[in-house]
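The values are calculated or read from the model by the stated rules, or taken from the named source; none is laboratory data. Predicted model only: the values in this text are computed from it and were never measured. Neighbour counts run over all protein chains shown; Cβ positions are idealised from the backbone, glycine included. Ligands, DNA and RNA are stripped out before the accessible areas are found, and what is left, the full protein with its side chains, is counted by its heavy atoms. Shrake-Rupley method; radii C 1.70, N 1.55, O 1.52, S 1.80 Å.
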Amino acid sequence: MSEPLMKLHYNVDGTDFTVAGEASGAVKKVLKQLGISPDVIRKVAIAMYECEINMVIHANGGVIDVEISPDKIRMIHKDVGPGIPDIDKAMTEGFSTASQQVRELGFGAGMGLPNMKKYTDEMRIDTELGVGTTVDMTVYIKQ
Amino acid sequence: MGEIERRFHSVTLDKPMCKGCTTCIRYCPTQAIRVQQGKAKIISERCIDCGECIRRCQYHAKKAITDGFEVMDRYKYKIALPAPAFCGQFSKATDFDIVLTGLKMLGFDDVFEVARGAEVITEKMKELISSGKYEAPLISSACPAVVRLVAVKYHDLMSHVAPLTSPMEAAAEMARREAREKTGLKDEDIGVFFITPCPAKVTAIKWPIALEKSNVDWALSIKDVYMRLAHSIDKITKVEHLSKSGRSGVRWANHGGEAEALGIEKYIAVDGIANVIEVLDQLEDEKIKGVDFIEALACTGGCVGGSLTVENNFVANSRIRRISQGLEDKKGELRDDMDLYWNRKIEYQPFSPLDADFGIAMQKAIRMNEIIEGLPQLDCGSCGAPTCRELAEDIVRGKANETDCIFKLRERVSLLAKEMAELESKLPPSMTE
């Protein structure tokens, strides 16, 4: 029997702030039902939420594919936004290109990418200006 | 005793009264109710005794187990501990002394307001917040339904819950000590009776989550006491001066009262279980920042909205506000000989995963998603589960069938009918031309 693999797919609406967090919330629910340990759930939830918010703020939404296998949780966030000009700079804590309007909503503190890196075991960013960005993150499940 | 044997829930079903309608399952905040064989069934491990189902059931089939007055006879000295909300129940009462005198008329030797316990907890909470030893924000532990909610649902927030005993427990300890000093009686001769606005408090007495044992002996419901007192309260001629609580302690009855008493700015006061869940979800996802304290009460309006109260919660709120206006502000006294901390660690008690084996749990989760796709997703409740998602979960847990869904059943019947019609048209060779 092959290893079970659970695939979840979500569309993130880039025009509505209030729906950001729905995908990470839904994934959290599934992980709880699987009996995955709270600290793994927390890492996944925070990393995913940060990424979801970024998709809404910067990239007009996108799609998220989540794959859960017995040893890891992989989250692939794909958008067709403007792309990230300088990834190293974007990874710096406190660096943000968010608009004033977004900052007034309490976002854009420049902790998005650093937090995603901090809470995941693997993170890969593929980005091309004017084409879009794919953030591929993995959190391992230690059994 | 093991944890399972100790388990007690005040919220319970009055089976003959239950019509098997699906109102309660929709409102249960922890999805702890199913309707099976025409009757509601509470899943014990999921119930937090918030009393939401009691409030919602129009057939009054959900009840709270509370104690009866007959247990009073067992004690030489009986003390009534009215919750702050109790004093807001009587339209004819213009001050709290009238209500407390009324309680003594029912046979209590003394009364001790839980509001005084609240004053003490307020002082202790101020200490905790300013100590810097706790990760902000501290979540109030005054509402036992909220504490249980955190224990079943929010692992990462457990360390935020203030490890303090409740105003009820503090008041019981103070009342008992006073009575001992006054009468010289032994503890077992002194009966402490909490007059409760809600079932969660009853559970907190009979099955405490963070204490070895409650200081309170019995729980009488505000409703029951009200029944005995409502007719006589305006006939009291000699009003004793019994109320000793100050303004802020009394106002714990209303939402926001506890937080306001702390005299801090950075707090959130949330009431109503659905609102509490929204705030805790946000807190768990680290979306709430810069807050030192969260007052979270399961009932809308705070304790005045408890499911065992009589008066409309907005009316009671107004009455308590008005009467307490004239009270002085008293500060609770912290004593070294009073332990206001929990003496048992609360444990994370999540709902069981789909399976103990991770691989099987995953297969079940995958199957569950497939089932959900095939369900109408109308969340009609006719199957007895609150949502299609819950039905799918029940199916993979082996507790329900796909045909419990009336739409699925109809599909199957329609298929069967089609098949029968086909069979009917097939004639044996002897009859065909």
Item to complete: Step through the table entries B:LYS201/B:LYS287; B:LYS39/B:LYS408; B:LYS78/B:LYS330; B:LYS76/B:LYS182; A:LYS43/A:LYS78; A:LYS72/B:LYS408, compare each Cα-Cα distance with 24 Å, and write down the pairs that go over it.
Response: B:LYS201/B:LYS287; B:LYS78/B:LYS330; A:LYS72/B:LYS408
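If DNA, RNA and ligands are ignored and the probe is 1.4 Å, what is the ranking of B:MET338, B:MET105 by accessible area, most exposed first? Present the calculation step by step, with values, prior to reporting the outcome.
On the way: B:MET338 15, B:MET105 110 Å².
Largest accessible area first, the residues go B:MET105, B:MET338.
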Worksheet, complete the sentence: Sequence order, region B:206-213: Karplus ³J(HN,Hα) from phi using 6.51 cos²θ - 1.76 cosθ + 1.60, θ = phi - 60°, Hz rounded, Gly and Pro as x, gives 8, 9, x, 8, 10, 10, 5, 8
Worksheet, complete the sentence: Magnitude of the Cβ-charge dipole (Lys and Arg +1, Asp and Glu -1) of region B:367-433 about the Cα centre, nearest 20 debye, reported as 140
Response to the item:
Any residue on another chain or 5+ positions along whose placed amide H is under 5 Å from the amide H of B:LYS244 is listed here as B:GLU113
Worksheet item: Per the Kirkwood treatment, what hydrodynamic radius in Å, one decimal, follows for region A:5-143 from the mean inverse distance over all distinct Cα pairs?
Response: 15.0
Fill in: Farthest positive-ward along the protein assembly as shown dipole, Cα basis, beta-carbon charges - from A:ILE57, A:GLY25, A:ILE125
A:GLY25
Practice prompt. Go through region B:308-315 residue by residue and turn each phi into a ³J(HN,Hα) via Karplus (6.51, -1.76, 1.60, θ = phi - 60°); whole Hz please, and just put x for glycine and proline.
Written response: 9, 8, 10, 6, 3, 5, 6, 5
Worksheet item: Once Rh for the protein assembly as shown is found with the Kirkwood sum over Cα pairs, what is the Stokes-Einstein diffusion coefficient at 37 °C and 0.692 mPa s, in µm²/s?
Response: 123
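Given Cβ point charges of +1 (Lys, Arg) and -1 (Asp, Glu) and nothing else, what value in debye, to the nearest 20, does the dipole of region B:279-433 about its Cα centre take?
Details: 20 positive and 29 negative charges, 88 e Å.
Roughly 420 debye, rounded to the nearest 20.
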Practice prompt. Tell me which residues come under 5 Å, amide H to amide H, from B:LEU297 once H is placed; ignore anything under 5 positions away on its chain.
Written response: B:VAL270, B:ASP271, B:GLY272
Worksheet item: Where the only charges are on Cβ atoms (+1 Lys, Arg; -1 Asp, Glu), what is the dipole of the protein assembly as shown about its Cα centre, to the nearest 20 debye?
Response: 1780
Worksheet item: When N counts the residues of region B:22-80, how does its alpha-carbon radius of gyration compare numerically with 2.2 N^0.38 Å, as a ratio?
Response: 1.51
Discussion item. From the phi angles alone, apply the Karplus equation (6.51, -1.76, 1.60; θ = phi - 60°) to region B:295-306 and give each ³J(HN,Hα) in whole Hz, x where the residue is Gly or Pro.
Written reply: 8, 10, 10, 5, 8, 5, x, x, 4, 5, x, x
Worksheet, complete the sentence: If unit charges are put on Cβ atoms (+1 for Lys and Arg, -1 for Asp and Glu) and the dipole of the protein assembly as shown is taken about its Cα centre, the option from B:PHE86, B:VAL150, B:PRO163 lying farthest towards the positive end turns out to be B:PHE86
Worksheet item: Which residues' amide hydrogens lie under 5 Å from the amide hydrogen of B:LEU138, considering only partners 5 or more residues apart or on another chain, with H built in the peptide plane?
Response: B:PHE293, B:ILE294
Worksheet item: In 5 Å bins starting at 0, how do the alpha-carbon pair distances of region B:41-166 split up by percent?
Response: 2, 8, 13, 14, 15, 17, 16, 10, 5, 1
Worksheet item: How about region A:4-105: which GluC sites (Glu not before Pro) there are in a DSSP loop, with at most 14 other Cβ atoms within 10 Å of their Cβ?
Response: A:GLU93
Item to complete: Using the charge dipole of the protein assembly as shown (Lys, Arg: +1 at Cβ; Asp, Glu: -1 at Cβ; taken about the Cα centre), state which of A:VAL12, B:THR183, B:LEU297 has its Cα farthest towards the positive end.
Response: B:THR183
Worksheet item: So how far, in whole Å, is the C-alpha centre of region A:29-61 from the one of region B:288-331?
Response: 36
